[in-house]
Amino acid sequence: MIPFELAAVFNQLNMPATRVEGTRALAALAGAREVLLFGLDSEIGLYLPAPGLPQTLRDGNLWQGFLGECARDGSASARMPDPDLGDDTAAFGMTDGEGQAIVVFLTARPAPALDRPIRALLPLLGAKLALERSALAAEGRATAARASYQHAVQLTAALEASRRQLQEANDAAQRELEQLRRAR
Amino acid sequence: MALTRVVVSHSTARADAGAALAQDLLAKLDGARPDALIVFASPQHSYTALLEAIERGCNPRLMVGCSSAGEFSGGGSGDGTVSAMAIQGEDMRFNAALGRGLRAGQAAALDQLMPVFTGADHPAFPHRCALVLADALAGHTDELVDAMTLRTGGNYQLFGGGAADDARFQQTHVFFGTEVHEDAVVVLEMLSKRPLGLGVRHGWQPAGEALRVTEAEGNRVLSMNAIPAADVFAAHARRTGQRFERAEPLPFFLHNVLGIDTGAGYKLRVPLAINEDGSVSFAAAVPAGATVRLMSTAAHSAADAARQATMAALDGLRGARHAGSLLFDCAATRLRLGRGFDGELEAVAAALDSNNFAGCNTYGQIARAEGQFSGFHNCTAIVCAIPE
């Protein structure tokens, strides 16, 4: 049975705009000081902070190592540098079944009664994060494509102006040639 | 007899550099007045005094140039020096203009420059080229080259670079006649009866895994893969056995730049400094969300790139004899190679089979030619070959 409060927290976690509040609420429910949430970037094969959350982690190299362990083993525990304070903190991370998301609890891991429902809800969140990541990538590509399209339209207009200029120059040259022929 | 004469000179003198250069150029032109004179000078010189001395000495019809971070000609190279190229002849026409207020955006500066593009009025000179020298520290050079390409209908081969200041990154200047300007761009229109050749190459290769730029603001990258940008460089240094000092990262940065994956190659970005928050500032913008890789090169790669750029420029002459060339390369390349940069100049001279070239090291290089619609580059050798 999934507690109502947890379902409400995952609703917040589902939206980038309310994700910060969601991580705070999940930390409060689990008795942890902080919760971090990561989604898989399939192009580079690494877990990155979910959109809406801080995108830079202090000692990020160590964190990537830890996230790799979580992905490999399904869950992992370690002393990790706190992303805000820098001091070593107990961290517990768990991934969804598909390996799309990792949620990390700092200072305390969730009680067994909460652990199972979190694992049950995590795949949905993981799927949402994968969609967001794809959407971000698509948006980036679309932005680039829009810029390329606009650039192409502008270039076409500029080249058309050049073509007209060349055509006029050619017409003028033809007229001069014709006049020369007639003069002979 | 050649219809276009190109002569170059390089001076290591401090006090009389302008007079010495003018005298040398004038002698090489048999006393003829240069139609156009291009000057590159280290910030160790008093620009106005230098330019006035050159003008007094050889009275060029047009003179443009910029401050630089290393100056050279086929006859020599150095730091704290001056190099120059003079062009004279009936088969080329020149026109120059200045655009001010670049810092506020490219549009107003470009409006001031547009009258310089007179190619359509001179059908007897169908080959159109323009040397563009910009105050790189004012920014907007990328957009300026793009907009210039559009407003000239793609009819001009654009080349040049960002003015430099001996790698101090404080103040860069462009020269218009004897005037010295910051926050400005200068253009020399070069119309020719025969084609000019333009070659563009860089010798950098990906040297690491793909990285995601997770946080960036303009030219400052805060993190890649959620890792503070400086830590990414430090980890790369450990992995590749290179020395990396956070307090003095420039030696490492000169050998390790960032390549933005464009899907059709890499756009290079030179890292300049590590900030207190662990972010890294670059010479040009790096967008958040971009896929990037750390790139590396070797001295022979830079020389090879310059040689290939030279060969491409010579190809562009379409059989005409080579009169002289302008060469631009990155300030970072010179700093990285040190005395080894002479090897690059030797490669250019060998490819040209001539020492008749001049140029300088710039902050960013400009090249918009056939097949090169991305106009502003870093760490790239650019050669413009001028026909006789």
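Read-outs: derived from the displayed coordinates by stated rules, not from any lab. Everything quoted here is computed from the prediction, not taken from an experiment. Positions of Cβ are generated from backbone atoms using ideal geometry, with glycine treated the same way; all protein chains shown enter the neighbour counts.
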Practice item. Rounded to the nearest Å, what's the spacing between the alpha carbon centres of the range B:347-369 and the range A:70-106? Just the number, please. Key: 53
Study note, to complete from the structure: Contact order relative to length for chain B, counting C-alpha pairs under 8 Å separated by 6 or more residues, stands in percent at 20
Check your understanding: Quick one: of the DSSP bridges fully inside chain B, what percent are antiparallel, nearest 5?
Key -> 80
Check your understanding: Whole-Hz Karplus ³J(HN,Hα) for the range B:85-101, in order, using 6.51 cos²θ - 1.76 cosθ + 1.60 and θ = phi - 60°, x for Gly and Pro?
Key -> 10, 10, 10, 8, x, 8, 8, 9, 10, 10, 7, 9, 8, 10, x, 10, x
Study note, to complete from the structure: In whole Hz, the Karplus estimates of ³J(HN,Hα) for the range A:84-97 (6.51, -1.76, 1.60; θ = phi - 60°; x where Gly or Pro) are 9, 9, x, 7, 5, 9, 5, 10, 10, x, 9, 10, 7, x
Check your understanding: What is the range A:62-184's relative contact order, in percent, from Cα pairs under 8 angstrom and six or more apart in sequence?
Key -> 14
Point to revise | Shape metrics for chain B, restricted to C-alpha atoms - Rg then Dmax, Å | key: 20.0, 64
Review point. Toward the positive end of the charge dipole of chain B, about the Cα centre and with charges on Cβ (Lys, Arg +1; Asp, Glu -1), which of B:Leu21, B:Gly99, B:Ala235 goes farthest?
Key: B:Ala235
Point to revise | B:Ala298 paired with B:Ala49, simple spin-label distance in nm, labels 7 Å along Cα-to-beta-carbon | key: 4.6
Exercise for review: Work out the FRET efficiency for A:Leu166 and B:Asp277 from their Cβ-Cβ distance, taking R0 = 60 Å, and round it to the nearest 0.05.
Suggested key: 0.65
**Study point:** the protein assembly as shown, dipole about Cα centre (Lys/Arg Cβ +1, Asp/Glu Cβ -1), debye to the nearest 20
**Key:** 1080
Study note, to complete from the structure: Between the Cα axis of helix B:47-58 and the main Cα principal axis of chain B, the angle (0 to 90°, nearest 10) is 30
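Explain nothing, just the number: relative contact order of the range B:17-150, from Cα pairs under 8 Å at least 6 residues apart, as a whole percent.
Answer for the range B:17-150 is 23 percent.
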Practice item. Kindly work out what percent of the DSSP beta bridges joining two residues of the range B:1-77 are antiparallel, to the nearest 5. Key: 25
Point to revise | In sequence order, calculated HN-Hα J values of the range B:21-31 (Karplus, 6.51, -1.76, 1.60; Hz; x Gly/Pro) | key: 4, 4, 4, 5, 5, 4, 4, 5, 9, 6, x
Exercise for review: Could you list the GluC sites (Glu not before Pro) in the range B:1-97 that lie in coil according to DSSP, counting only those with at most 11 other Cβ atoms within 10 Å of their Cβ?
Suggested key: B:Glu90
Revision key, fill the gap. To the nearest 10 degrees, the tilt of helix B:229-240 (Cα long axis) against the first principal axis of the alpha carbons of chain B is 90
Check your understanding: A:Asp82's amide H: which non-local residues (gap 5+, or another chain) put their own amide H closer than 5 Å, with H modeled 1.01 Å from N in plane and none for Pro or chain starts?
Key -> A:Asp87, A:Asp88, A:Thr89
